[in-house]
Amino acid sequence: MLFVVLAGVSGLVWGVGDFAGGKATQRAGALPVVLVSKLASLPLLALSLLLLSSTPDGASLGWGALAGMFGAFGVVVFYAALSGGAMTVVAPITSVTSAAIPVVVGLVGGERPSPVSLVGVVCALVAIALVSLAPPRPGTTSLVTGRLVAMAVAAGVGFALFFVFLARANEAAPGGDAGLWPIGSAQLAALGVCAALVAATRARPALVPGSGTWPRGRALAWACVAGPFDMSANALFLVATRYGDLSLVAPLAALYPVTTVLLALAVDGERLRALQVVGLALALAALLLVSGPLG
């Protein structure tokens, strides 16, 4: 199925952006990294809108902007939570929350995937949790607090609402095809949210989690890589929702930790845990089940 390919590729691309953003936040504040990455994505976004011309629709632009605001909130809080060091708790909670909520929204909204596809969705949710498991960064503490768990959940809700509202942008468009305009409004809205948070931190630096030093050198390079990949994944997800149900597309797209883990393996020399290997196998099973003849 086309939507399975698009959703799976969007997850792979999101994983690259997430890995690059994570590398940038090792040397700079989460909020500045997100703002710079969004700015870096604008040239590619402008080119995409020019090449893939379509007529913008007010409702779709509005839903896209709403998605962008919640997505920006999710990214900033997620990076800030990761900086707390308890990655084995933060990453799985955020990832599973971001995938589970759209599934519930889709089913409540009347989507009826086949039993085989639903088994694939369950495999995807379990895979996301297992693959997201990773040891804390060297030099960081792994103290799990209620505040850290709340931040992980909040980030997951932000990502989930991004999925839901971006899918809604397609539904609101005439013919169910909004083009890439919702991505444009989402990116601009995210920039607005980040700029407002930056202004807030100037007056009260402790007001916004993740504020800190601006990316320079390697951190700047990583941030500039994260933005275009993140934007491209957004576009792939949007197109995937035209051909498949949200309850199936979202959990497949949320398999982005797979790419992040594989890149950490290749670039940073990290070792896979046994549970992560199981998670990778379940991720493959999820893709096969959702795309099967009965899905």
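Considering the range 93-110, the residues that are within 17 Å of Ala7 (Cα to Cα) and not small (Gly, Ala, Ser) include one that is modelled with the lowest pLDDT, namely Val96.
If you go through the range 280-295 and keep only what is in a loop (DSSP other than H, G, I, E, B) and touching a residue at least 60 places away in the same chain (Cβ under 8 Å), you end up with Ser291, Gly292, Leu294, Gly295. Screening Asn170 against (1) modelled with pLDDT of 80 or more; (2) surrounded by fewer than 22 Cβ atoms within 10 Å (Cβ to Cβ); (3) not aliphatic (A, V, I, L, M) leaves a single unmet condition, (2). Look at the range 44-70: where a residue is within 13 Å of Leu180 (Cβ to Cβ) and a partner is hydroxyl-bearing (Ser, Thr, Tyr), sitting 6+ places away or on another chain with Cβ atoms under 6 Å, you get Leu61/Ser185; Gly64/Ser185.
One residue stands out in the range 56-87 among those that are touching a helix residue (DSSP H, G or I) at 6+ places or on another chain (Cβ under 8 Å) and either part of a loop (DSSP other than H, G, I, E, B) or at pLDDT below 75 (or both): the one that is surrounded by the fewest Cβ atoms within 10 Å (Cβ to Cβ), namely Pro56.
Across the range 240-258, what is the number of residues that are of a type in the set (Ser, Thr, Tyr), within 18 Å of the chain's Cα centre (by Cα) and not in a loop (DSSP other than H, G, I, E, B)?
Keep residues of the range 240-258 that are of a type in the set (Ser, Thr, Tyr), which gives 241, 243, 247, 256.
Checking the rest, the ones that are also within 18 Å of the chain's Cα centre (by Cα) come to 241, 247, 256.
Next, only the ones that are not in a loop (DSSP other than H, G, I, E, B) stay: 241, 247.
So the count comes out to 2.
Quick check on the range 259-279. Is at least one of its residues within 20 Å of Phe78 (Cα to Cα), polar (S, T, N, Q), at pLDDT 85 or above and not in a loop (DSSP other than H, G, I, E, B)? Within the range 259-279, one or more residues are within 20 Å of Phe78 (Cα to Cα), polar (S, T, N, Q), at pLDDT 85 or above and not in a loop (DSSP other than H, G, I, E, B). Can you tell me which residue in the range 115-140 is surrounded by the fewest Cβ atoms within 10 Å (Cβ to Cβ), limited to those that are modelled with pLDDT under 90 and among the small types (Gly, Ala, Ser)? Ranking the qualifying residues of the range 115-140, first place goes to Gly139.
Each residue in the range 176-205 was checked for being without any contact (Cβ under 8 Å) to a residue 12 or more places away in the chain and either within 20 Å of Asn234 (Cα to Cα) or in a loop (DSSP other than H, G, I, E, B) (or both), and 2 pass.
Of all the listed residues (Val90, Val13), the sole one being at pLDDT 85 or above, more than 18 Å from Val198 (Cβ to Cβ) and under 16 Å from the mean Cα position of the chain (by Cα) is Val13.
Results for (1) surrounded by fewer than 22 Cβ atoms within 10 Å (Cβ to Cβ); (2) farther than 27 Å from Thr213 by Cβ; (3) touching a Ser or Thr at 6+ places or on another chain (Cβ under 6 Å), shown as yes or no for each residue.
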{"position": "Val4", "(1), (2), (3)": "no, yes, yes"}
{"position": "Gln26", "(1), (2), (3)": "yes, no, no"}
{"position": "Ala30", "(1), (2), (3)": "no, no, no"}
{"position": "Pro92", "(1), (2), (3)": "yes, yes, yes"}
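For (1) surrounded by fewer than 23 Cβ atoms within 10 Å (Cβ to Cβ); (2) under 21 Å from Gly22 (Cβ atoms); (3) modelled with pLDDT under 90; (4) of a type outside the set (A, V, I, L, M), each residue gets a yes or a no:
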site: Thr241; (1), (2), (3), (4): no, no, no, yes
site: Val249; (1), (2), (3), (4): no, no, no, no
site: Ala253; (1), (2), (3), (4): no, yes, no, no
site: Tyr256; (1), (2), (3), (4): no, yes, yes, yes
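Against the definition (at pLDDT 85 or above, charged (D, E, K, R) and out of contact with any His (no Cβ under 9 Å at 6 or more places or on another chain)), how does Arg147 come out, yes or no? Answer is no for this residue. Considering the conditions (1) within 25 Å of Leu252 (Cβ to Cβ); (2) surrounded by fewer than 24 Cβ atoms within 10 Å (Cβ to Cβ), Lys38 is excluded by exactly one of them, (2).
The values are calculated or read from the model by the stated rules, or taken from the named source; none is laboratory data. Model, not experiment: these values are computed from the prediction. Please note: Cβ atoms are built from the backbone with ideal geometry, for glycine as well, and neighbour counts cover all protein chains shown.
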